1. With respect to the numbered conditions (1) modelled with pLDDT of 85 or more; (2) open to solvent by 100 Å² or more (accessible area, probe 1.4 Å), which one is the sole condition not fulfilled by residue 49?
2. Please go through region 5-19 and pick out each residue that is within 24 Å of residue 38 (Cβ to Cβ) and open to solvent by 80 Å² or more (accessible area, probe 1.4 Å).
Amino acid sequence: MSKKSREKKVRLGKKIKQARRIPLVAMLKTHRKKQFNLFARNWRRHKLKMNLK
């Protein structure tokens, strides 16, 4: 298993947080103006596009 650098972990963590689903309460408060997360992705099809060095 490979070791990840601290920078790579931070980037992966950020992408995971961006891909979270929108809470139901937020949808209801905005009258469903925000129905889905634009950053959501299918991890099987869409890989992260990051500059890995």
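1. It is condition (1) that residue 49 fails.
2. Matches in region 5-19: 9, 10, 11, 14, 16, 17.
The values are calculated or read from the model by the stated rules, or taken from the named source; none is laboratory data. Since this is a predicted model, take the numbers as computed values, not measurements. Cβ coordinates were reconstructed from backbone atoms using ideal geometry, including for glycine residues, and neighbour counts include every protein chain displayed. Accessible surface is based on the protein model in full, side chains and every heavy atom, while ligands, DNA and RNA are left aside. Shrake-Rupley method; radii C 1.70, N 1.55, O 1.52, S 1.80 Å.
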